[in-house]
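Beneath this line is the structure, given in C-alpha cells, with notes to follow.
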Amino acid sequence: MSSKDDLIVLGIETSCDDTAAAVVRGSGEILSQVVSSQADLLVQYGGVAPKMAEEAHSQAIDPVVQEALDKANLTERDLSAVAVTIGPGLSLCLRVGVQKARNIASCFNLPVVGVHHMEAHALVARLIERELQFPFLALLISGGHNLLVLAHNLGQYTQLGTTIDDAIGEAFDKTAKWLGLDLRRSGGPAVEKLALEGDSQAVKFSTPMKQHKDCNFSYAGLKTQVRLAIESRNIDATIPISSASSQDRNSRADIAASFQRVAVLHLEERCQRAIEWALKIEPSIKHLVVSGGVASNKYVRARLDQVVRKNSLQLVCPPPSLCTDNGVMVAWTGIEHFCVGRYDPPPPVIDPEDFVYDLRPRWPLGEEYAEGRSEARSLRTARIHPSLTSLIQGIYATTIVAHLLKLGNMIPQF
Ligand code: KG4
Ligand code: ZN
C-alpha cells in the first residue's frame, strides 16, 4: 500500500431498511453503488419491523455485495479493507452487515473498519466537496435522527442539538401515511411532491420549541397537529390520493405544504442558532453540511441555503443518492479512518465460542455541548456505548496503539 488513492474499500450498510454496498477508491472515485430498498415491506407494515427487516437484509446482502463488486469490475482480492456500519441502528439489521463484512474480511485477510452511521452521513460531504475541511457544522436529518454537530476533526464531534422525541423524517413518513400517499419511495418524497400543489400558509401549525433557546428539536407535537388537522377535515387515508376528489386532494396538498413549511422552519431556526454557537466555539468554520435522507428535499435545501448565505457560510449538500442511506458513505468513512490507522485486524476464520459481535445500536456521535442542554429534554438518554468521540479520544486510542504495534506490516504508508 503506498498511497491513499490506491486504496479500494468495500462499504456495507444495513443499519435500517436499506441493504447497501459500494466500492470506493481512496481518491474518492465511486466504482460502484448498489441499494436494495425494503419499500414493499414499508408499505405493508407502515414502518420498519425489525424481524422483517432482518430477514430482508439476510436475503439481499449476498447479491447486493456481489453486484457492487461486479459493477466495479473487481473481486474481493482487489480490496484493501471492508468498512461496515456497526451503529447506531437496529441490532438485528446491523448484525447482517457485520457478519457479511467479517466473512469477506476473514476469507480474504482484510482489515475491517467499523463505521458510525451518522458520521458517515456527515463525512460523505467530504467526498463530494474536496474543499470541505474540518472544522465544519453539520445538520443530519433522517428517519431516526435529527442532529446538529460540530465536526472538529475526524471522529471528534460536539453535539449541539438532537431531537427530544421524533426525527423530522419520521414526521414526513407519518404525514404521508395519514394523507394516504404512495409510500413506495418512503414518505418524504411523496409529501414533498404533493406540497408543490398546496398552499403552505393554509393550515396554521405552530413551530416547535419556540420558547426553548437551544438547538434541540421536537417533531412529536407537529405530528399530532398534522393528525388533528387531517381528522378535522375528514380526510380518509384509506382512499389513496390517486382516487381522491379534487377538493380532497387540494385539502391534502395544503396540509402537506403547511406541514413541510413549519417542519423546515424549525430546522432553519435551530440552524441559525447553531451557526452562532459554532462560530463562537470554532470561529474558522466555513461550511454547513446538510445530509441524511431528508436532505434530499429541495425545499429543505433551498431554505437552509438562505440561512447559510445570510451568515456568509457555504452549504454542502450531497446529491440525493448520497443523502439517503448508501454504501458509499460507509466506504468513504472507512477510508478516512483507515488512513489514520483506525481499523481492526482481519477476523479469524472461525470466531472463538464466546465471540460477541461489536454492535452499537445506541451510539452517540459526540458529547453534548454543555451550554446547549435543554430544560425541555426528556431525551431518551439510555445509551449502550460511549460516544464515538470519547472512544476515539480515550480507550480506543490504546487499542489503536496495540493494533499498530501488532500490525506494523499493515500500516498504510502515505
Ligand atoms: O438517512 P435515511 O435514508 O435513513 C435513515 O437513516 O433513517 O433517511 C430516511 C428518511 C425517511 O424518513 C424519508 O422519508 C426521508 O428520509 N426522506 C425525505 C425525502 N427523501 C427521503 N424526507 C423529505 N423529503 C424527501 N425528499
Ligand atoms: Zn441514515
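The values are calculated or read from the model by the stated rules, or taken from the named source; none is laboratory data. Remember, predicted model here, so these are calculated numbers, not experimental data. When we count neighbours, we look across all protein chains shown, and the Cβ atoms used for this are built from the backbone with ideal geometry, even at glycine. Areas reflect the complete protein model, heavy atoms only, side chains present, ligands, DNA and RNA absent. Shrake-Rupley method; radii C 1.70, N 1.55, O 1.52, S 1.80 Å.
Counting only protein heavy atoms and a probe of 1.4 Å, the accessible surface of region 139-288 is 50% carbon and sulfur.
Between amide H atoms placed 1.01 Å from N, distances below 5 Å from Glu197 occur with no residue 5 or more places distant or on a separate chain.
Between beta-carbons, use under 15 Å as the cut-off and find the net charge around Arg130, counting Lys and Arg +1, Asp and Glu -1.
Its environment carries a net charge of -1.
Based on DSSP H segments of at least four residues, each scored -39500 (n - 2.57), the chain has a per-residue ellipticity at 222 nm of -13500 deg cm²/dmol.
At most 14 other C-beta atoms within 10 Å and a DSSP loop state: those are the exposed GluC sites (Glu not before Pro) I care about. Give me the longest piece of the chain that has none.
On the way: sites that count: Glu29, Glu131, Glu197, Glu353, Glu375.
Counting only loop sites that pass the neighbour cut-off, the longest clear stretch is 198-352.
Residues whose amide H falls under 5 Å from that of Gly292, counting only those 5 or more places apart or on a different chain, are Ile141, with hydrogens built in the peptide plane. Between the C-alpha center of region 83-147 and that of region 237-315 there is a gap of 24 Å.
Taking the Cα centre as origin and putting +1 on Lys and Arg beta-carbons and -1 on Asp and Glu beta-carbons, what dipole magnitude results for region 255-317, to the nearest 20 debye? Mind showing how you got there, number by number?
On the way: 10 positive and 5 negative charges, 26 e Å.
Dipole about the Cα centre, nearest 20: 120 debye.
Computed over region 139-238, relative contact order equals 29 percent, with contacts defined as Cα pairs under 8 Å that lie 6+ residues apart. Seen against the Cα atoms of the chain and their longest principal axis, helix 50-71 is set at about 60 degrees.
Put a plus charge on the Cβ of each Lys and Arg, a minus charge on the Cβ of each Asp and Glu, and nothing anywhere else: the dipole of the chain about its Cα centre is then about 1040 debye.
Leaving out ligands and nucleic acids, and using a 1.4 Å probe, what accessible area per residue does region 210-300 come to in Å²? Can you show the working numbers first?
Working: 3800 Å² over 91 residues.
Result: 42 Å² of accessible area for each residue.
The string of couplings for region 216-224 from the Karplus curve (6.51, -1.76, 1.60, θ = phi - 60°) is 7, 10, 8, 10, 5, x, 5, 4, 4 Hz, one whole number per residue in order, with x for Gly and Pro.
With charges only on Cβ, +1 for K and R and -1 for D and E, what is the dipole size of region 1-136 about its Cα centre, in debye, rounded to 20?
300
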